[in-house]
Every structure is written in structure tokens, then in C-alpha cells.
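One structure below.
The values are calculated or read from the model by the stated rules, or taken from the named source; none is laboratory data. Not measured: the values here are computed from a predicted model. Cβ placement follows ideal geometry from the backbone for every residue including glycine, while neighbour counts extend to all protein chains displayed.
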Amino acid sequence: MSALFTSLVIGQQTLSNRVIMAPLTRSRAAQPGDVPHDLNVTYYTQRASAGLIVTEATHVSQQGKGYALTPGMYTDAQEAGWKNIVQAVHAHGGKLSLQLWHVGRISHTLLQENGQAPVAPSAIQAVNSTCFVIHPDGTPESAPCSMPRALAVDEIPGIVEQFRQAAQRGLRAGFDFFEVHAANGYLLHQFLATHTNQRTDAYGGSLENRARLTLEILEAVIDVVGADKVGMRLSPNFVAHDMADTESEACTLYLAQALQARGVAYLHIAEPDWAGGAELTDAFRMQIRQAFKGGLIFCGNYSAQDAQQAITAGVADAIGFGRLYIANPDLVERFKVHAPLNTPNPATFYGGGAEGYTDYPTLNQA
């Protein structure tokens, strides 16, 4: 599996290997204020041997929050907390990409400022979808998503500005890359998809119009940090969170071409696995590869052998691993020596403390 462990140049950075830690929501930010803290520093530092760590999705505003206990990047305290993480990971030779997130309609009035409705491209509720809330009496609940309201056209520049300001904070905190989260049924994906975007203005209708907000946000982040530090996550054929899109693959290729034209550092493709949806074909993966010549990362229940094959075939430059990284902080080292892997415990994925977060043993500890 030598290809997995070769270096990779993305943008102006050289990654030490092609094993990418995928973004993983773990719901352990300090309260009040959704602030990264010492426990999170330990968690990320333990995994610093990854070629690149993509942070857990990080909301760019309170409006963009859909789950209690997830970290933000819009206050001074949050910025300081993330800076501590970046410095610790850098000290251990690792690199980090800050994933910038707005959940859109996958939220609840309890999470919004003054109990307002969540925002979305169109006022269409996400059925059979939940977000995570903590009630005023402290009771946690996976609650049905609230009915959203459609964003007015004059509000959209404010959404772009939320991403711009989060990128500015991330740049000050020292992040190596910045990943625009346009996947997995959240706000930008809601604008991209035909089912969730029923607008008739400049942000709806044609594929180009539906992609307008995503590209405006991309360009705002580029303006702040430079194209060579920017990535984007897309999830073609994703169907969770009540998502459906009759032009999903066409939209992915359109955006891949747009990223290529702007010189963006990397494209991160989340394949359908846990969320269901039609599997990506080899032909479609190759179409993405032909459209985008920068760093191309695929993520979706890959084994080390699958990853090696994809890289060797020239389809992928690197492979993201999610659940394996929850239980194996030294995943790169385990892959190298074909060591057994720890099994993750789903009961401790979200919320809590060190258990199931920073207490999985490394090979040396085992």
C-alpha cells in the first residue's frame, strides 16, 4: 500500500501522506458558547499523523447551527479555541482544514437566535429529519427539524459575509486550508438541489442559478485566504435529510469545472454510504477527475486496499476516512503495518467527554 503513504502537494502545501481524516461531528464543544477546548486539542493532536485533518463541521453563525454542542467560528472565544488546536496539531507535524458550515433548514427554533425559524432557499420542511437540541431544562433530544423560512434576496449577501468572516478568523487561527461545506443536505446543498430549491429569482431555476450562492461563497473565501488554501465538499446522490436532486451528477461536474477554473486546491467528494443513495460509478468518478485537476479526495467507507487501488488508478489523489479515525487515532501507523483496527462505539459518537473520544488506544498503548 505504498501509494497511500507517499507525499502529496495540494495548493502550496505538501501532505506527508494521502490518508485524510474526514470531518466528524462529535458534539463536544465547551458550553456556553460552542468553544473548542482542551479535550478537543487532545483529540485532534492524537490524529496529527493524518496527511490532512478536515475539522468537524463548524458553523459560521448561530443561524448556521443545527446541533447542540458543535463548535462555531464567529466569536473571539471560538477563534482562540481553534487557534490552540491548530498550534498543537502543527507542533506534531499535522495539517488542518477548517470546514465552514451553515446547516440551513436542518435546525430548530431552540437553536436559533430569539427562537426564530431556520432559513433555507425555500420554505420546505425537512421531513423524517432531526437535529440535536438541549431543552431549557437541560433535557437533550433528537428533535424534528423546524419549518424553515425562505431567505429573501437581500439577506443572501449576509450569508456570504458569515462565511467570509469565519474564513478571516480561521486565517488568523493559522489553518492550512478552508473547506466550504456544500454537501450532506445543508444550506449550500439545499440551494444546489432541485427538490429543496424552488426559487424563481437569480438563485433558483437553472443549474447555474442554483449554484450561484455556492460560488459566491467560494469566491468570498478565496478573496480572504487565496485559492490555493480552499477546498469544497460535495455529496452527489446524497438522499438523507430529505434531499433529492434530478441533476445531482451534472451539478457536481459543473462545480468541479468551476473549481478548476478558479484554481481551488482540492475537491472532497462524499460518496453515498451511510446516507443511502445511488452509488457513484467508476465512469462518473473519472468524469470528476477529468473536470478537476487539483487535489481530489474521495470519502465513503473505503478500506486501505480500496484507497490504494483508487490512488494507483489515478482516480483519487487521497482518500478520506471517517469512522475508522474515531477509533484509531494512529490510523496511518496501523495501515502501514497491517495492524488490527479498533472498533468504534456508536454510543459515544456524539456528546459526552473523553470516553469514546480520546481514550481509544494506539498500537503502542495496546
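No other residue among Gln287, Gln305 is touching a Leu at 6+ places or on another chain (Cβ under 8 Å), part of a helix (DSSP H, G or I) and farther than 30 Å from Ile134 by Cβ apart from Gln287. Can you tell me which residue within the range 145-168, out of those that are without any contact (Cβ under 8 Å) to a residue 24 or more places away in the chain and small (Gly, Ala, Ser), is surrounded by the fewest Cβ atoms within 10 Å (Cβ to Cβ)? So, considering only residues that are without any contact (Cβ under 8 Å) to a residue 24 or more places away in the chain and small (Gly, Ala, Ser), the one surrounded by the fewest Cβ atoms within 10 Å (Cβ to Cβ) is Ala152.
No other residue among Ser122, Ser142 is crowded, with 16+ Cβ neighbours inside 10 Å and either assigned to a loop (DSSP other than H, G, I, E, B) or of a type in the set (S, T, N, Q) (or both) apart from Ser122. Against the criterion of being more than 15 Å from Pro32 (Cβ to Cβ) and touching a His at 6+ places or on another chain (Cβ under 7 Å), Trp101 qualifies.
Considering the conditions (1) without any contact (Cβ under 8 Å) to a residue 40 or more places away in the chain; (2) in contact with an Asp or Glu (Cβ under 9 Å, 6 or more places away or on another chain), Asp137 is excluded by exactly one of them, (2). Quick check on my filter: what residues within the range 169-189 are outside any loop (DSSP other than H, G, I, E, B), crowded, with 16+ Cβ neighbours inside 10 Å and not aromatic (Phe, Trp, Tyr)? Across the range 169-189, the qualifying residues are Arg169, Gly170, Leu171, Ala173, Glu179, Val180, His181, Leu187, Leu188, His189.
Against the test of being modelled with pLDDT of 95 or more, over 28 Å from Gly94 (Cα atoms) and of a type in the set (Val, Ile, Thr), the options Thr252, Thr312 yield a single qualifying residue, Thr252. Among the residues of this structure, Gln63 does not count as one that is in contact with a strand residue (DSSP E or B) (Cβ under 6 Å, 6 or more places away or on another chain), of a type in the set (S, T, N, Q) and closer than 22 Å to Glu113 by Cβ.
Within the range 28-40, one or more residues are under 23 Å from Leu363 (Cα atoms) and touching a residue at least 24 places away in the same chain (Cβ under 8 Å).
Among residues of the range 225-236 that are assigned to a loop (DSSP other than H, G, I, E, B), those with a beta-carbon under 6 Å from a residue that is among the small types (Gly, Ala, Ser) at least six positions away or on a different chain give the pairs Ser235/Ala183; Ser235/Ala270; Pro236/Ser248.
Per-residue answers, yes or no, for (1) in a strand (DSSP E or B); (2) at pLDDT 95 or above; (3) out of contact with any Pro (no Cβ under 9 Å at 6 or more places or on another chain):
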site	(1), (2), (3)
Gln62	no, yes, yes
Ala80	no, yes, no
Ile85	no, yes, no
Val89	no, yes, yes
Gln99	yes, yes, no
Val103	no, yes, no
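Given the condition among the hydrophobic types (A, V, I, L, M, F, W, C), more than 30 Å from Thr200 (Cβ to Cβ) and surrounded by fewer than 20 Cβ atoms within 10 Å (Cβ to Cβ), answer yes or no: does some residue in the range 50-67 qualify? For the range 50-67, residues among the hydrophobic types (A, V, I, L, M, F, W, C), more than 30 Å from Thr200 (Cβ to Cβ) and surrounded by fewer than 20 Cβ atoms within 10 Å (Cβ to Cβ): absent. Could you tell me whether the range 328-338 includes any residue that is surrounded by fewer than 16 Cβ atoms within 10 Å (Cβ to Cβ) and more than 29 Å from Ala265 (Cα to Cα)? So far as the range 328-338 goes, yes, one or more of its residues are surrounded by fewer than 16 Cβ atoms within 10 Å (Cβ to Cβ) and more than 29 Å from Ala265 (Cα to Cα). On the stretch given as the range 10-27, residues that are without any contact (Cβ under 8 Å) to a residue 60 or more places away in the chain and of a type in the set (A, V, I, L, M) total 0. Can you spot a residue in the range 151-160 that is touching a Pro at 6+ places or on another chain (Cβ under 8 Å), of a type outside the set (Phe, Trp, Tyr) and more than 24 Å from Val224 (Cβ to Cβ)? Checked the range 151-160: no residue is touching a Pro at 6+ places or on another chain (Cβ under 8 Å), of a type outside the set (Phe, Trp, Tyr) and more than 24 Å from Val224 (Cβ to Cβ). Which residues, counting only those in the range 167-214, are over 22 Å from the mean Cα position of the chain (by Cα) and not aliphatic (A, V, I, L, M)? Residues satisfying the conditions are Gln198, Arg199, Thr200, Asp201, Tyr203, Gly204, Gly205, Ser206, Glu208, Asn209. Checked across the range 327-336, the condition of being farther than 30 Å from Val133 by Cβ, under 22 Å from the mean Cα position of the chain (by Cα) and in a helix (DSSP H, G or I) holds for at least one residue.
In summary, Ala347 fulfils each of the numbered conditions (1) farther than 29 Å from Thr6 by Cα; (2) part of a loop (DSSP other than H, G, I, E, B) with the single exception of condition (2). Scanning the range 254-279 for residues that are of a type in the set (A, V, I, L, M, F, W, C) and surrounded by 19 or more Cβ atoms within 10 Å (Cβ to Cβ) turns up Leu255, Ala256, Ala258, Leu259, Val264, Ala265, Leu267, Ile269, Ala270.
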